[in-house]
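**Student:** Quick one: the structure is below, questions incoming.
Throughout, read-outs are computed from the coordinates displayed, never taken from laboratory work. Predicted model only: the values in this text are computed from it and were never measured. We place every Cβ from the backbone using ideal geometry, glycine too, and count neighbours over all the protein chains shown.
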Amino acid sequence: MARTDVADAPATTGRDQLLDALDTRQAHIAVVGLGFAGLPQAVVIAQAGFTVIGIDTDGERMAQLDRGESYITDVPSSQVQHLRSEGRFRATTEPTALAQADCIVICVPTGIGADRRPALDSLEQALGTVASALRPPSLVIIESSVPPATTRRLARQFRLDGEEQVFVAHAPERIDPGNSRFGLRETPRVVGGETSASLDLAMRFYAQCGIETVPVASIEVAELTKVFENTFRFVNISLVNELAQIAEGLNVSAWDVLEAASTKPYGFMPHAPGPGIGGSCIPVIPFFLADVAERLGTPSRLIAAAEQVNRFMPKYVTQRAAALVGRRDGDLAGSHMLVLGVTYKPDQADCRHSPALPLVDQLIAAGATVRVHDPLVTEVAGLNTQAGLTPLTPDVVATADLVVVVTPHRSLDYQMVVERARCVLDTRNALSDLAAPNVVPL
Ligand SMILES: NC(=O)c1ccc[n+]([C@@H]2O[C@H](COP(=O)([O-])OP(=O)(O)OC[C@H]3O[C@@H](n4cnc5c(N)ncnc54)[C@H](O)[C@@H]3O)[C@@H](O)[C@H]2O)c1
């Protein structure tokens, strides 16, 4: 919006000015952090008619956007090019651009350290930069996932002589990359405001972007909702991974059990077994809740148990692999394994916390020679240096003692795989439709 000096300002409140700027879409929006969450969000805001500036510390990524190239699977380059040509989106590493912004949306990474404690350095750094650059009145929305009670603490740096001119809200990202049914516009946004004015402004912002909102009583409710949602999945996927192990011992199919249990019309929600839980959220954010719980003197036993199960899954898959190649003692020396899919989820080029990484480590530790194929990545941070990335050819498949399907990308030629493979361990039950006798589900 056009900015006036304080002395010239009409007698409207900062809240009213911002509401007006949002209603007329004259508000300038900055999105800080243009990754898997931030770039799709910036595109949706710009498509709603706002002028958006994306700010990110990664110069290479910003140069790509400047050339009209997207690095996020869910955002086609054509969308970036179109919005840039209409003057509604540009990207920069320059934080001074924040001075033009009326609304600042924070999507920087948050995570955990090696000690499993919350690591919020990027968020703290980004908010420090915002605090020194913004020109109130401003709406600051933290979309990054945070441990409960974090937003209000970090928002203190925005207080200007006690006057409310910086309106702070938390509206946690619920994006599910690759989900074509529930995108950003189809997923209601939980919104908590530091004050009722902050809540009103954040709600208006999302409404103007075409995103349904769920207002909640406080910022802390919004924070706890997000960490609970991720914990719910973490615990339930771990539970179903235990089921897979028990079913195997009983010589029944966990998938048959899940299909049957899913016929119950109430009180049951299916989760799928797999080689372990990956990504930047589900195996990470529950530790925000665990940390808070511990501080409150009510430590979470379930999160700790789910973590144990999750950590064991790569070892379990290795044990299954050894049994399938006839090594009951678990020694895989001299065997050749082909791992298909190294990203943490199908059709997404994101390897963060991928269970494929510890699985490859386990297979190699057991003595196997491991080759890895993934059509979506050309290099993988954290991949065991003894594992070679390989193209997927009939020969590569045929020379493996076992093919382990870890991440079932749609583009993989499974027909060729089952025709050429001696045996396939399908950790996601992705090949069941092929009804091939050499395919064994987890
Ligand atoms: N990826 C998901 O599926 C997903 C889903 C829901 C919520 N989230 C949450 O969204 C947040 C962002 O996650 P992501 O997956 O988009 O991360 P990401 O790593 O894909 O992207 C983050 C971007 O922020 C940039 N960045 C880091 N520090 C910065 C700083 N100080 N200033 C400006 N830019 C900075 C990085 O260069 C990167 O481009 C996290 O809190 C995460 O928990 C992610």
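**Student:** Tell me whether segment 1-145 comes out rounded, prolate or oblate; compute the Cα gyration tensor, take square roots of the eigenvalues as a ≥ b ≥ c, and use a/c under 1.5 as the rounded threshold. Please list the in-between numbers first.
**Tutor:** On the way: a/c = 2.09, a/b = 1.24, b/c = 1.68.
In terms of gyration-tensor shape, oblate.
**Student:** Remind me, relative contact order of segment 6-217 in percent, using alpha carbon pairs under 8 angstrom and six or more residues apart?
**Tutor:** Details: 386 pairs, mean separation 42.2, N = 212.
For segment 6-217, the relative contact order is 20 percent.
**Student:** Further question: Counting pairs of alpha carbon atoms under 8 Å apart in space and at least six apart in sequence, what relative contact order in percent does segment 62-128 give?
**Tutor:** Taking the mean separation of contacting Cα pairs over the length of segment 62-128, I get 19 percent.
**Student:** Something else about it: Taking the Cα centre of the chain as origin, sum charge times position over the Cβ atoms of Lys and Arg (+1) and Asp and Glu (-1), and report the length of that vector in debye to the nearest 20.
**Tutor:** Values: 37 positive and 50 negative charges, 119 e Å.
Magnitude of the dipole: close to 580 debye.
**Student:** Step through the residues of segment 333-346 one at a time and calculate ³J(HN,Hα) from phi using the Karplus curve (6.51 cos²θ - 1.76 cosθ + 1.60, θ = phi - 60°), rounding each to whole Hz and writing x for Gly and Pro.
**Tutor:** 4, x, 8, 10, 10, 10, 9, 9, x, 10, 6, 7, 9, x
**Student:** Could I ask something else about it? Can you tell me how much longer the chain between residue 26 and residue 381 gets when fully stretched, taken as 0.36 nm per residue apart minus their C-alpha distance, in nm with one decimal? The partial results should precede the final answer.
**Tutor:** Values: separation 355, 0.36 × 355 = 127.80 nm, distance 4.16 nm.
Between residue 26 and residue 381, full extension yields an extra 123.6 nm.
**Student:** So, one more: Cut-off is 10 Å between beta-carbons; in what order do 45, 112 appear when sorted fewest neighbours first? Before the final figure, lay out the partial values.
**Tutor:** Numbers: 45 30, 112 20.
So the residues, fewest neighbours to most, are 112, 45.
**Student:** On C-alpha positions alone, give me the angle between the axis of helix 301-324 and the longest principal axis of the chain, in degrees, nearest 10.
**Tutor:** Approximately 40 degrees, to the nearest ten.
**Student:** I've got another one for you. Within the chain, what's the longest run with no GluC sites (Glu not before Pro) in a DSSP loop and at most 13 other beta-carbon atoms within 10 Å? Give the range, please.
**Tutor:** Working: sites that count: 69, 86, 186, 212, 379.
Between exposed loop sites, the widest span is 213-378.
**Student:** A further question on this structure: Counting only residues 5 or more places away or on other chains, whose amide H sits under 5 Å from the amide H of residue 165 once H atoms are built in the peptide plane?
**Tutor:** Hits under the 5 Å cutoff: 160.
**Student:** Counting each DSSP H run of 4 or more residues in the chain as -39500 (n - 2.57), what helix-only mean residue ellipticity at 222 nm follows after dividing by all residues, to the nearest 500 deg cm²/dmol? Please report the intermediate quantities before stating the final value.
**Tutor:** Values: 14 runs with 165 residues, N = 442.
Estimated from H runs of four or more residues: -11500 deg cm²/dmol.
**Student:** Can you give the angle from 0 to 90° between the axis of helix 196-208 and the longest principal axis of the chain, with both taken from C-alpha atoms, to the nearest 10?
**Tutor:** 70
**Student:** Same structure again: Counting pairs of alpha carbon atoms under 8 Å apart in space and at least six apart in sequence, what relative contact order in percent does the chain give? Intermediate results must be reported in sequence, preceding the final value.
**Tutor:** Details: 831 pairs, mean separation 46.8, N = 442.
It comes to 11 percent, rounded to a whole number.
**Student:** In the neighborhood of residue 321, defined by Cβ-to-Cβ distances under 11 Å, what is the net charge if each Lys or Arg adds +1 and each Asp or Glu adds -1?
**Tutor:** Working: positive: 315, 320, 327; negative: 401.
Once all neighbours under 11 Å are counted, the net charge is +2.
**Student:** Counting only DSSP beta bridges with both residues in the chain, tell me the antiparallel percent, nearest 5. Walk me through the numbers before you get to the answer.
**Tutor:** On the way: 5 of 47 bridges.
Once the DSSP bridges in the chain are tallied, antiparallel ones form about 10 percent.
**Student:** Amide H of residue 104 versus every other amide H placed in the peptide plane: which residues, excluding those fewer than 5 positions away on the same chain, fall under 5 Å?
**Tutor:** For residue 104, whose amide H was placed from the backbone, the distant partners under 5 Å are 30, 139, 140, 141.
**Student:** OK, next. Each residue of segment 175-184 in turn: what ³J(HN,Hα) in whole Hz from Karplus with 6.51, -1.76, 1.60 and θ = phi - 60°, glycine and Pro shown as x?
**Tutor:** Karplus values, whole Hz, x for Gly and Pro: 4, 10, x, x, 7, 7, 8, 10, x, 4.
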